[in-house]
Amino acid sequence: MTRPEPTPDSLPGDVDPARAYRRRCITALLRGLAVLVAIALSMLLTWLVPSAAAQPVEPGPRVSALHGHLELDYTIVAQVDDLAVWAVDHDPRQLVPFIEGRALVGNTPESVDLANGRVLFHLRISDDSKTVWTDLLGSPEGLRRKVSFSVGPADGSPFDTALTGSGRVELTVISPVYGGIALGLVVVTLAVFVHLARTTSIIRKPGPWADAPYDLGRFQMAVWFFLIYLSYTAIWLITDATDTINPSLLALLGISAGTALSEAVIDSGTPAAGVEATSAVSQGLLHDLLSDETGYRFDRFQIFAFTLILGVIFLSDVYNNLSMPELSPTLLGLMGLSSGTYIGFKLPDRR
């Protein structure tokens, strides 16, 4: 006999559809209540025990104003909000100015007024801040430049700033007044020299005539004099430093002066020099410097070329580093050898 197929009504463990539906609704309701309870507990815990991120952060010191002229060797006063609160746990005497985010180490305050939040600085160059000042003032493109300014501990970070223009203020690189006076003096000096060089024997071979050939030794001496003269003036205008002449520059001037002096002694000791020179007339600056009675000379070209290229390097170093270059003994020896070669070649000619 075959067993009859079970019908749906006769399945084992049969559940009433209405009862199953009620169970699913109750389960969903319980789950929703559990989620709501979890959210309520989380909000309650957040309210009772606030997290560290939600706690209010006390405001720190902030530079709100800058009084005075931002220029080297000038006095400025920084207005710092909440400075007295900060000074409870820190030493305000260790504060330094920050320009372009870099600390002027060693430039500590001359006075601190905690009651009014004022810090007075006298901006100056120290051994610790020389590199920063060189980067700020070197390679100048104008009389002033925009920089960021703040105050902070020398071994820490600068304070926040609320200065106009996102904390950027004008830093004076060259004083317009002193710069104008110095520029006028330099221009007058150069104009007078050029006039004398064209109309007198200031850098020509000696003699009573006005159109004698230009002298290489005197020309070299004049070039180095004006390079050092202009560089000294520029460094003083920007850094206010006056003790910038180093021993290597004295040696350089000595080499150029010695070359001109030796040449003059040799020329004056030649019996026929006066007769030959009297009829000599300048044929142009470059021709006179590179040639003599026998024609163009390589020893003259060598000393002329070295003078020009070293002059360019000299000015570039002053422009970028705001200091007189320290010429190495090797370089000074090279210049001395070049000058000695030039003088040596003149001796056989004069004999």
Checklist entry - If packing is taken as the mean number of other Cβ atoms within 10 Å per residue, what is the order of 214-227, 173-186, 72-85, highest first? => result 214-227, 72-85, 173-186
Checklist outcome for this item: Cα convex hull volume per residue for the range 62-172, in Å³, equals 90
Checklist outcome for this item: Reduced to Cα centres, the span from the range 215-260 to the range 69-94 in Å works out to 41
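Which FRET efficiency, nearest 0.05, do N320 and F193 yield, Cβ-Cβ r, R0 30 Å?
Details: r = 26 Å, r/R0 = 0.88.
About 0.70, to the nearest 0.05.
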Checklist outcome for this item: Answer check: the range 177-350, Cα atoms, Kirkwood Rh, Rg/Rh ratio of 1.00
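A short reminder: the numbers here are calculations on the coordinates, not readings from a lab. Note that the structure is predicted; figures quoted are calculated from it, not measured. Ideal geometry is used to build each Cβ from the backbone, glycine not excepted, and the neighbour counts take in all protein chains shown.
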